[in-house]
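This report refers to the structure that appears directly beneath it.
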Amino acid sequence: MIDDITLGYLILLFPLITFVVNGLFLGNKCAKAAAIFAVICNGLAFAAAGTLAFHYFSSDFAPQKAILFDHTFIPFIGDLVARIGMLVDPLSVMMLVVVTFISFMVNIYSIGYMREDRAAGRFFALLSLFSFSMLGLVVATNLFQMFIFWELVGVSSYLLIGFWYHKPSAVSASKQAFILTRFADSFFLLGIVLVSYVVGNFDFSTLNSLSLIDFQKQFINLGLVTIPKSEALVLGSILIFTGGWGKSAMFPMHIWLPNAMEGPTPVSSIIHSATMVVAGVYLVARLFPFFAICDNALTLIMWVGAFTMVFAAVIACTQKDIKRILAYSTLSQLGYMMFALGACKIGQVVAVTGWTASTFHIFTHAFFKCSLFLIAGSLIHQVGTNDLDAMGGLGKKMKLTYACTLISILAISGIPPFSGFFSKDEIILAAFQGQHYVVFGLALFTSGLTTFYMFRLFFLAFHGAPRHEGVKAGHVHEDFAMTLPIAILAIPALASGFAAQPIFEKFFVPGQMNIPQLVRLDHAEWLPFVAVGIAVVALVIAWVLYASPWAKVGRALDETNRSGIYKVIYHKFYFDEMYYAVVRQFIFGGIARVARAFNDYVIEGLLAFTVWFVHKLGDLVRFAQAGYLPFYLGTLIVGVLLWRFFGQLPL
Amino acid sequence: MNTILFNSIWVLPLLTVLACVLIPATYAKAIRTIHVTSATIVLAIVCYLTYVVYALSGTPADPAAAPLALRFFTDIPWLSMFNANYIVGADGLNMLLLALTAFIVWAGVLVSLNIKGNQKIFFALIQLLATSVYGVYMSFDLVLFFVFYEMEALCMYLMIACYGSGKRDYGGKKLTLTLAFGSSMILATLFGLYFESGATSWNLIEISKTTLPMDFQMWAFPLMFMGFAVSSSLFPFHFWSPDGHSAAPTAVSMLAAGVMMKMGAYGCLRVAMFLMPDAAKIWLPYVVALLIFNVVLGPFIAIRHKDLKYITAYSSISHLGLIFLGLAAMTPIGLRGASLQMISHGFLTGLFFATIGMIYERTHTRDITEMGGIMRKMPFLGVGFVLAGFAGLGLPGFSGFIAESTIFIGAFQQDSTLTRIVTILAILSITTTAVYILQTANRMLHGPLPQKYESLTDGCFREKLVIVVLVACLLFIGVCPGWISELLDQSIAPIFEKISSAGLQ
């Protein structure tokens, strides 16, 4: 048998090797070989991760942390050493399995999806880079390593979103995604620098076992203010969270995620389920004990999450682009995960329900969201557009896809026994137990909205009369390479809830914390009935509006003849426009223009003045040296006279 | 043996020039071959010697050069009437800078093989430039140092004025005069140093052991620091670099931005801060204020520019500002970060200017608004440019990230108010860097391809080789930064020792 350390290396190495081999050697020439190589390597990585998970969870060692390997990357001062290591604990093992599995599925799917693309080799290389970066992030043992892979995740998403670089919309979407997340990352980096300065260490184990009391007596100068180090840590925790805020596309940094739809669909699928956006949630979950000691950080996290959850769900109800609907649903689900982490704090104590629920939701969400995106891709492949306008009636032609979609949609709607029910129920319970009743109400409301917009999509795409010529004519088929992963993913979308719940309840606690914690609170027995009741009501509403015999589909898809509020929501509250206005007017037209004007006029002006001044001085001297004899004689005489009367010339 | 090899680093390029004097300019091919061979040999020697220095690290160095850990130390009488000697040697920092120079010179010679005009003189000037830069990074005698330092600006002027493009006369003059202005400040203080220290020679190590009077240091340090900072384009003396770079031919841009601009920062560290640590401690916390322009505003100015070379020049200005941030922090990590950034930025900007030059040779424009979709026609050059961009915006895996994060962490260790503010601003401005780099790459490489570029070709083997080697250097430093930080730490330790003990007596 292979030992765990080798397994750990293998998990990281397989995607890396795929990236290098496909990127340098196979990419250009033989796309087919690149695809097969990528699928095999990612499959092996998944096998390694699965074996590691099996070893880990079946051993007695289970909920403890272990570091499989740890290499010094660059030493700074004292204990401040950046390391590249591999941390194994329930959270990271779970993520390893999820990331490798999703990436395996997406690679299989891409064989079908990218079949006609001539740059498919590059695609497979970048896809593996993406999963490699995420795997490195997941196993990080310290903040520095996390940041390294965090940035690599960012850049691989940039390259993949802008994969079709001849499409201007894809290029600008990729730029927007990178710059917005980079903007958040600059705060993350500042947070890392600040926290590591105060604590003198990057390691998660040190950060997670801090106690603020040790830092109250020391002060730190932050330029404009001098504050106690304990407060600097709170500030640092918020700055670090800002990194996750941007990466997880929480409001108001959410706009890049729906626009990232311009990339190939497998990329959207992997971004939304496993690699990119959950990184923010993962960061908070990883540093949870640290955030818990920092007073207001968790409250901020909760409100950011809760607001994004409702906000995105409302937008999703009106959209027509199926990938956009799914993107907003991801935002909303990320909001759930984020607020569940934040809702853990009850006064001065912490209940771990929310943490378990959130990580559980990362797990279940990955499967059904990946599956939904792959389905969306395969629908788009059939009708050639993202628009619901052109769909409808696809259910009859794509039976297997239809069934799998239904499973995933029931899962995201939180209807038992599908996976989403278990995790979402725990999240809502966490809000209730945390006595955050407003958020609790919002979460229930959003769960209704979720069911509504998902079934809206479902009914409009699969039911009713076909609205696309190709579908009417019967040119619809299910591609094997594309349908296989969808079918495989339906299994965990259905079963991962009840199958994994015991594991999560047994092993998933956020580690030793320095504040009192309530390990388990009473389960509110009535809650699942309420949540499911709301979901069923929303389902019925969606059915009445979009699939029942008296539904007006034409009216449902018409966004022009609508009330003001509907239009505002349809245009995503005009956030894209506001963003562009701010960037154009304030950054490019404002700061940058002023900076350049300062340089071009003030600095160059001063330079020109100096040059002019030197020239004038030269002119003065030149006049004296013009070779004009009377001038020389005159100055000679005047000089001699002056010397005679004021100096010591003996005349 | 190694010492002879070491001395041959600067002699070989000179010998190459002399050898080529005998060959008529019409035999351009032979001349090119000789120059490429010579540059390659020097590169090999320097790489070998860097390895030797790394392998020797930890063993006691030449006692004559204590407290500096110099290898290959040579001390020969030279101009005895001024007490100026030929003193050369290298520690980790010097050796890495020499290696950087050798790589950039080699790449510069390779990219300019089909330059227009008199090739014989062009290559001779490149080799002379290389000689002077090697000399600066080797010499430990102040007179020798200054001779090499001056020689470099003159070669630069001739090359820009004769082989440049655009406003080459203006750019060349602006560059040379500004650098000469800096040199005059340095020269004034060098005399002061010699006389005030009461040393018997111009030996840097000897002067460093004397204690310079405080009132002298107080005026001499800022003068000398700013004099050196001129060539590293510290605000307000940055104005020469955009015009100079844009007018210069590719190889000169690479050398100017890659190695010559590091000479200033190196001089600040090795001469100004090392010899006058007491004044450095008082002045440097205020110098930081100048960096707000370099680090924070520089990238914004780059956003507004359309010319590739201007964009890269402003990007260099902002990256060099980070070197000064590391220096001004005066912490061991900050100084190491500054040295790392010197090396990393050399490779990075060399790659930048190399790819820009290659693209310019094909498109005959450097205006990014006129380009588009070039990636489809020139995937290799496009990828090279994008990788340079990623290294520039501090992507982990490339050396830029290592250097920048080291500087940030090091600068944050410094407790002075102004340094804290500037460090925070510098960290936050990594976004702006990303903006101009992505904007440039997207406009130039992506999007639809204009009709007129349909016939463009990708890089040839020689160009690909240059890109591959420079990218490999960036990746090598970025992926295994441990050895290089170890090497730099040993050379920085004596300098930091001097600074930290300053002001105590």
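FYI, it's all coordinate maths here, none of it is from the lab. This structure is a prediction, so every number in the text was calculated from the model and none was measured. Here the Cβ is made from the backbone with ideal geometry for all residues, glycine too, and neighbour counts use every protein chain on show.
Taking neighbour counts of Cβ atoms within 10 Å as a proxy for exposure, in what order, fewest first, do A:VAL193, A:VAL20 appear?
Going from sparsest to densest Cβ surroundings: A:VAL20, A:VAL193.
How large is Rg over Rh for chain A, taking Rg from the Cα atoms and Rh as the Kirkwood inverse mean of 1/r across Cα pairs?
1.15
For every other residue with a beta carbon closer than 12 angstrom to the beta carbon of B:ALA302, add +1 if it is Lys or Arg and -1 if Asp or Glu, then tell me the sum.
Taking every Cβ under 12 Å from that of B:ALA302, the sum is +3.
Kindly flag which residue pairs out of B:LYS174/B:LYS309; A:LYS320/A:LYS424; A:LYS167/A:LYS399 have an alpha-carbon separation exceeding 23 Å in this structure. Write out the running numbers ahead of the final one.
On the way: B:LYS174/B:LYS309 16 Å; A:LYS320/A:LYS424 26 Å; A:LYS167/A:LYS399 33 Å.
Those over the limit are A:LYS320/A:LYS424; A:LYS167/A:LYS399.
Mind sorting A:MET302, A:MET105, A:MET513 by how few other Cβ atoms lie within 10 Å of their own Cβ, fewest first?
By the 10 Å Cβ count, ascending, the order reads A:MET513, A:MET302, A:MET105.
Please identify the trypsin sites (Lys or Arg not before Pro) of the range A:175-249 that satisfy two criteria: DSSP loop assignment and at most 15 other Cβ atoms within 10 Å. Which are they?
A:LYS217
Quick one: grab the alpha carbon gyration tensor of the range A:426-511, order the square roots of its eigenvalues as a ≥ b ≥ c, and give me rounded if a/c is under 1.5, else prolate or oblate depending on whether a/b is larger than b/c.
oblate
Is the shape of the range A:217-265 best called rounded, prolate or oblate, per the rule: a/c under 1.5 gives rounded, else a/b larger than b/c gives prolate, else oblate, with a ≥ b ≥ c the square roots of the Cα gyration tensor eigenvalues?
Note, shape of the range A:217-265 comes out prolate.
Can you give the translational diffusion coefficient of the range A:69-177 in µm²/s, computed by Stokes-Einstein from the Kirkwood radius over Cα pairs at 37 °C and 0.692 mPa s?
Once the numbers are plugged in, D ends up at 212 µm²/s.
When the Cα centres of the range B:192-235 and the range A:50-98 are compared, how far apart do they sit, in Å?
52 Å
So how far, in whole Å, is the C-alpha centre of the range B:422-472 from the one of the range A:160-218?
Using only Cα atoms to place each centre, the spacing works out to 24 Å.
For chain B, what is the calculated [θ] at 222 nm in deg cm²/dmol (nearest 500), taking -39500 (n - 2.57) for each run of four or more DSSP H residues and dividing by its residue count?
About -23500 deg cm²/dmol.
Along each principal axis of its Cα atoms, how long is the range A:296-557 end to end? Whole angstroms, biggest number first, please.
Rounded to whole Å, the extents work out to 65, 36, 30 Å.
Using square roots of five times the C-alpha gyration tensor eigenvalues, list the equivalent-ellipsoid semi-axes of the range A:575-646 in whole Å, biggest first.
Calculated on Cα positions only, the semi-axes equal 60, 11, 4 Å.
Roughly speaking, what % of Cα-Cα pairs in chain B are separated by over 46 Å, rounded to a whole number?
7 percent
Test of understanding: given chain B, find the longest segment containing no trypsin sites (Lys or Arg not before Pro) that are in a DSSP loop and have at most 15 other Cβ atoms within 10 Å.
The longest such stretch corresponds to B:307-505.
Run the helix sum for chain A: -39,500 (n - 2.57) per DSSP H stretch of 4+ residues, divided by residue count, reported at 222 nm to the nearest 500 deg cm²/dmol.
Values: 27 runs with 435 residues, N = 651.
Using -39500 (n - 2.57) per qualifying helix, the result is -22000 deg cm²/dmol.
With a 10 Å Cβ neighbour count serving as the proxy for reagent exposure, in which order, fewest first, do A:HIS381, A:HIS571, B:HIS305, B:HIS364 appear? Intermediate values should be presented prior to the final figure.
Numbers: A:HIS381 17, A:HIS571 14, B:HIS305 22, B:HIS364 10.
Arranged by neighbour count, lowest to highest, A:HIS381, A:HIS571, B:HIS305, B:HIS364 become B:HIS364, A:HIS571, A:HIS381, B:HIS305.
In debye, nearest 20: dipole of the range B:2-501 around its Cα centre with unit charges on the Cβ of K, R (+) and D, E (-)?
Computed charge dipole of the range B:2-501: roughly 1440 debye.
Report the percentage of all Cα-Cα pairs in the protein assembly as shown whose separation exceeds 48 Å, rounded to a whole percent.
35 percent
Compactness ratio of the range A:25-108: Cα Rg over 2.2 N^0.38 Å, N = residue count? Working shown, then result.
Working: Rg = 17.0 Å, N = 84, 2.2 N^0.38 = 11.8 Å.
For the range A:25-108, the normalised Cα radius of gyration comes out at 1.43.
Quick check: from the Cα gyration tensor, does the range A:509-597 come out rounded (a/c under 1.5), prolate or oblate?
It comes out oblate by the Cα gyration axes.
Compute from the Cα atoms of the range B:78-235 the Rg and the Dmax, the latter being the longest Cα-Cα distance, and quote both in angstrom.
17.5, 54
With a cut-off of at most 13 other beta carbons within 10 Å, and DSSP calling the residue loop, which chymotrypsin sites (Phe, Trp or Tyr not before Pro) in the range A:54-100 qualify? Please list them. Provide the component values of the computation, followed by the final result.
Values: sites: A:PHE54, A:TYR56, A:PHE57, A:PHE61, A:PHE69, A:PHE73, A:PHE76; in loops: A:PHE61, A:PHE76.
Hits after loop and neighbour filter: A:PHE61.
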